[in-house]
Amino acid sequence: MRDSANDKAAEEYRSDPVPLVDPTQFPPTPEGLASFLSEIDGPRPVNEGTAHDTDVASFRASDVVVAAGTTLEVPIPVWTRGSEVTVLKAEVDDSTEEGNDVGFGVFLTSSDNGDVKMSMVRNPEQRITSLKDPLKFKVKVVPTSVMLKFDNYSSWITNKNISYLVEVTPPIDAETRARSKRAGRSLQSISREIITAEDGIKKIEQVWSAAKAEVEKAEEKVTRSSEALAKKSDEVKKRLESVRMSESALHDLVAATTKRELDILQLEEEQDECQERIKEIKIQLMAAESEFEAKSQQIQSQHEHIRRSKDQATKIDADIAFQLKAVEESGHIIKELKNAEQEYESTRVEAKNELQSIEEAQAQAQGVVDFYRSVFRSLQPRMLDPTR
């Protein structure tokens, strides 16, 4: 029976198409959602977070005590004109016990400029243990309260426990059905858009992952290049320090050699003086010759020391040339490392820029999907049950 009702509702929808309110034509913002829902609702808006204007409201209770010698009144509010009220259940618990009945009446109460008006639907003098048939009636004036009255006044000793079930079914007019059809068509459209948008986000996430991997590779290359550059710079600093130390040692050696050369000149002058003295003073020849021999040996020793110093200076010069050549080669390597570092840094910046663009596209796509999901959730309460 329900399947045939669904088929009938689907056939009515196909035979009476409505224009599509395309959610993709509205900006993905709260304002865009409000504009879209306004187009869907038309003159029959739905207040979000409240009971829907097409929902059937149920009012039920059980084991409610009606004290002996009293009357219990239960108000049921009705806000929509033309609503159908159905009293499905009104009974006394343990109704099998003899004398366990109550009077049951139904009234409609409304207010007109402060005056309360009451009309009777069912006489409370009619007593029941259980309502035999559902009681149905429509409300023409709103706001109205349907007052259920359970009368236990005739019982002075025994309390009664009662149960009831009342449903209030609001009317469904042509505009409400049109709103439901607009919501249904847009719901089909937004479902397809959500699938498409989510597929797009998955592709963007794949591109983002690839771009992020490239950025990580570039950053790793920059890190390795920076480490190599730092290591090479330390080596160059050590070599330059060694060169400075060698130059200092060479300077000291040259100074010592110059001093010894000056000493030789002085000794040679003294030697000349000795030769003159030998010629002039024959008497002192032996002493002068001895002194001359000593001076000659001293000169020879100084010459040997100078030769060794010059050999040492030559080695230091060679070492300095080797160190300077190593510094020059290190300079080329440093230049190459700096160029590589700049290239890696440029690649990393480009990859980060691309990653930022991808993240912005992903955020924009996610915003569209969130908007479509909000549209999807907002459309669902606007859909009518196919059986109504």
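The values are calculated or read from the model by the stated rules, or taken from the named source; none is laboratory data. What you are looking at is a predicted structure, and each value in this text was computed from that prediction instead of being measured. In this analysis, Cβ positions are derived from the backbone assuming ideal geometry, glycine residues included, and neighbour counts consider all displayed protein chains.
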- Item | Matching residues in segment 153-169 - criterion: being exposed (fewer than 13 other Cβ atoms within 10 Å of the Cβ) and of a type in the set (D, E, K, R) | none
- Task: Kindly indicate whether Lys138 is surrounded by fewer than 17 Cβ atoms within 10 Å (Cβ to Cβ) and either on the phi < 0 side of the Ramachandran plot or more than 28 Å from the chain's Cα centre (by Cα) (or both).
- Result: yes
- Which pairs have Cβ atoms under 8 Å, sit 6 or more apart or on different chains, and link a residue in segment 340-361 that is in the same structural domain as Asp199 (by TED's automatic domain parsing) to one that is surrounded by 18 or more Cβ atoms within 10 Å (Cβ to Cβ) and not hydrophobic (A, V, I, L, M, F, W, C)? Ala340/Ser225; Glu341/Ser225; Tyr344/Ser225
- Might you let me know whether segment 315-327 holds any residue that is part of a helix (DSSP H, G or I) and under 52 Å from the mean Cα position of the chain (by Cα)? yes
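Yes or no, residue by residue, for (1) modelled with pLDDT of 90 or more; (2) in the same structural domain as Gly103 (by TED's automatic domain parsing); (3) out of contact with any Leu (no Cβ under 9 Å at 6 or more places or on another chain):
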{"site": "Pro45", "(1), (2), (3)": "no, no, no"}
{"site": "Gly69", "(1), (2), (3)": "yes, yes, yes"}
{"site": "Pro77", "(1), (2), (3)": "yes, yes, yes"}
{"site": "Gly82", "(1), (2), (3)": "no, yes, yes"}
- Item | Which numbered condition Lys282 fails, given (1) among the basic types (Lys, Arg); (2) farther than 30 Å from Glu247 by Cβ; (3) modelled with pLDDT of 75 or more | (3)
- Within segment 290-297, is there a residue that is assigned to a helix (DSSP H, G or I), closer than 23 Å to Lys231 by Cβ and among the hydrophobic types (A, V, I, L, M, F, W, C)? no
- Conditions (1) of a type in the set (Phe, Trp, Tyr); (2) touching a helix residue (DSSP H, G or I) at 6+ places or on another chain (Cβ under 8 Å); (3) farther than 30 Å from Asp199 by Cβ: number failed by Tyr372: (3)
- Among what's in segment 170-197 and is acidic (Asp, Glu) and surrounded by fewer than 15 Cβ atoms within 10 Å (Cβ to Cβ), pick the residue that is farthest from Gln380 (Cα to Cα). Asp173
- Tabulated pairs, segment 80-93, first over 11 Å from Pro170 (Cβ atoms), second of a type in the set (Lys, Arg), C-beta under 9 angstrom, 6+ apart or interchain: Thr86/Lys136; Val87/Arg122; Val87/Lys136; Leu88/Arg60; Lys89/Arg60; Val92/Lys160; Asp93/Lys160
- Message: Checking the conditions here, which among Lys181, Lys231, Lys221 is without any contact (Cβ under 8 Å) to a residue 12 or more places away in the chain, part of a helix (DSSP H, G or I) and either of a type in the set (Lys, Arg) or in the same structural domain as Pro75 (by TED's automatic domain parsing) (or both)?
- Response: Lys231
- If we keep only residues of segment 302-320 that are at pLDDT below 80 and of a type in the set (Gly, Ala, Ser), then the residue farthest from Leu265 (Cα to Cα) is Ala313
- Which listed residue is on the phi < 0 side of the Ramachandran plot and in contact with an Asp or Glu (Cβ under 6 Å, 6 or more places away or on another chain), from Ser225, Ser233, Ser248, Ser242: Ser225
- Test Ile264 against the stated conditions and say whether it is among the β-branched types (Val, Ile, Thr), over 30 Å from Val236 (Cβ atoms) and out of contact with any strand residue (DSSP E or B) (no Cβ under 6 Å at 6 or more places or on another chain). yes
